[in-house]
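Structure first, then comments.
The values are calculated or read from the model by the stated rules, or taken from the named source; none is laboratory data. Predicted model only: the values in this text are computed from it and were never measured. FYI the Cβ positions are ideal-geometry reconstructions off the backbone, even for glycines, and counts take in every protein chain you see.
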Amino acid sequence: MSASTPTGAVLLAPSPSKCYDFDKYNGMYFLKGAAAGGICCSITHAALTPVDVVKTRVQLDPQKYAGLVSGMRMVIAEEGAGALTTGLGATAFGYFIQGWFKFGGVEFFKIQSAKALGDEKAYENKAGIYIVAAACAEFIADVFLCPLEAVRIRQVSDPEFADSLASGFVKMFKTEGVGGFYSGFLPILGKQIPYTCAKFLVQGTAADSIYQSIGKSPAEVSKTTALGISLTSGIIAGVASAIISHPADTLLSKVNKAGAGGDGPLMQRLGNIAREVGFVKLCTVGLPARCVMIGTLTAGQFGIYDTVMGALGASKFHFKNPKEAH
């Protein structure tokens, strides 16, 4: 130490991070993360459109559509196989936008939190960071998703409503104004925020547990092993998040149906629907189909996300134990 250096200056100066190279988590990294998120959400939601169509029908009319398989058969018999692709355009486009902000946002808020807290506190509080990052990112994403989801649900509940995303937007705007696009905003927040918090928390925790059980870090395993861990942890996260978010998902499906819950403010309509359906049915009607759908979808999302990130030359941020960092 030079004579001109004040005593204790080294102790007071912030030490560089030993766990992370934050320089590589720059604007280009977040852009890649957002793009990968948009791609993975668009592909998986679009692929599962037939399941989502039947799930929505089950939630809207459980007496007619008893389950996933029988409901699918009934839709095909009455309306043709093409009915199973109802809302495909709104689904693919809407969830690309949502995935862009959700996955990109989670990475942004997660990394900024780790920077602010430092290595040790970030690792100790990683569960809380997952939850806060997911909640913030999902809120932003839902502002953009809600209008598209409103059009999609209206198309599914009323096949005569519109034959395309664009015509559905125009018709809803003319008949209901901007407010019509956001009639389900609170339910979608109630569904998506708990779902996304559980999704990223459970997936991250499950993946960390698997890596710890094999005694290796993500950088030390093959691409095939990493993909398998992404898919396995995604299935676990998908089932957990589906159960948590299902009551709000049912309310969202019903409130977007024309005339549902009577007249009056949104909260009054939601209350009317909840009383009519009952708590047990809100939690259980359509749940098996949703667990299949969300479990498959979530596994696919994390698998595609990690694959696209790798193809773009980016490595996803993982929390590291500073006591084990080299």
(message) What are the pairs with Cβ atoms under 8 angstrom where one residue, in region 216-237, is surrounded by fewer than 14 Cβ atoms within 10 Å (Cβ to Cβ) and the other, located anywhere, is not in a helix (DSSP H, G or I)? Sequence gap at least six, or different chains.
(response) ALA219/SER315
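Based on this model, can you work out whether GLN112 counts as in contact with an Asp or Glu (Cβ under 8 Å, 6 or more places away or on another chain) and in a helix (DSSP H, G or I)?
On the way: in contact with an Asp or Glu (Cβ under 8 Å, 6 or more places away or on another chain): no; in a helix (DSSP H, G or I): yes.
Here the answer is no, as GLN112 does not meet what is asked.
For region 73-99, which residues satisfy the criterion of being within 26 Å of the chain's Cα centre (by Cα), aliphatic (A, V, I, L, M) and surrounded by fewer than 22 Cβ atoms within 10 Å (Cβ to Cβ)?
Taking region 73-99 first, the residues within 26 Å of the chain's Cα centre (by Cα) are 83-99.
Cutting the leftovers down to aliphatic (A, V, I, L, M) gives us 83-84, 88, 90, 92, 97.
Within region 73-99, ALA83, LEU84, LEU88, ALA92, ILE97 qualify.
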(message) Just the residues that are surrounded by fewer than 19 Cβ atoms within 10 Å (Cβ to Cβ), aliphatic (A, V, I, L, M) and more than 20 Å from the chain's Cα centre (by Cα), please, taken from region 147-194.
(response) ALA166, VAL170, VAL178
(request) Could you list all residues from region 124-169 that are out of contact with any helix residue (DSSP H, G or I) (no Cβ under 6 Å at 6 or more places or on another chain), farther than 19 Å from PHE103 by Cβ and among the basic types (Lys, Arg)? (result) ARG154
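Here's the yes/no breakdown for (1) of a type outside the set (A, V, I, L, M); (2) part of a helix (DSSP H, G or I); (3) at pLDDT 90 or above:
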residue	(1), (2), (3)
ALA198	no, yes, yes
VAL202	no, yes, yes
LEU231	no, yes, yes
ILE235	no, yes, yes
ILE243	no, yes, no
HIS246	yes, yes, no
THR250	yes, yes, no
LYS257	yes, no, no
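Output yes when any residue across region 183-193 is under 22 Å from GLY295 (Cα atoms), out of contact with any Phe, Trp or Tyr (no Cβ under 8 Å at 6 or more places or on another chain), modelled with pLDDT of 90 or more and not hydrophobic (A, V, I, L, M, F, W, C), and no when none is.
Of all residues in region 183-193, those under 22 Å from GLY295 (Cα atoms) come to 187-193.
Checking the rest, the ones that are also out of contact with any Phe, Trp or Tyr (no Cβ under 8 Å at 6 or more places or on another chain) come to 187-188, 190-192.
Of the ones still in play, those that are also modelled with pLDDT of 90 or more are none.
No, that holds for no residue.
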(message) Looking at PHE144 and the list (1) among the hydrophobic types (A, V, I, L, M, F, W, C); (2) out of contact with any Gly (no Cβ under 6 Å at 6 or more places or on another chain); (3) under 22 Å from THR307 (Cα atoms), which single condition is not satisfied?
(response) (3)
(message) Looking only at region 212-225, count every residue that is in a helix (DSSP H, G or I) and either under 19 Å from ASN125 (Cα atoms) or of a type outside the set (Ser, Thr, Tyr) (or both) and tell me the total.
(response) 6
(message) Would you confirm, using the coordinates I've provided, whether ASP306 is among the acidic types (Asp, Glu), modelled with pLDDT of 80 or more and assigned to a helix (DSSP H, G or I)?
(response) yes
(message) What's the number of the only condition in (1) under 30 Å from ALA311 (Cβ atoms); (2) surrounded by 23 or more Cβ atoms within 10 Å (Cβ to Cβ); (3) touching a Leu at 6+ places or on another chain (Cβ under 6 Å) that VAL54 fails to meet?
(response) (1)
(message) Please go through (1) more than 18 Å from the chain's Cα centre (by Cα); (2) buried (at least 22 other Cβ atoms within 10 Å of the Cβ) for ALA116 and return the number of the only condition it doesn't satisfy.
(response) (2)
(message) Looking only at region 151-174, filter to residues that are β-branched (Val, Ile, Thr) and modelled with pLDDT under 85; which one of those is farthest from GLY94 (Cα to Cα)?
(response) VAL156
(message) Restricting to region 122-164, count the residues that are among the aliphatic types (A, V, I, L, M) and farther than 17 Å from TYR182 by Cβ.
(response) 11
(message) Return the pair list, or none, for Cβ contacts closer than 6 Å from residues in region 54-66 that are β-branched (Val, Ile, Thr) to residues that are modelled with pLDDT of 75 or more and not in a helix (DSSP H, G or I), at least 6 apart or on different chains.
(response) VAL58/TYR65; VAL58/GLY286
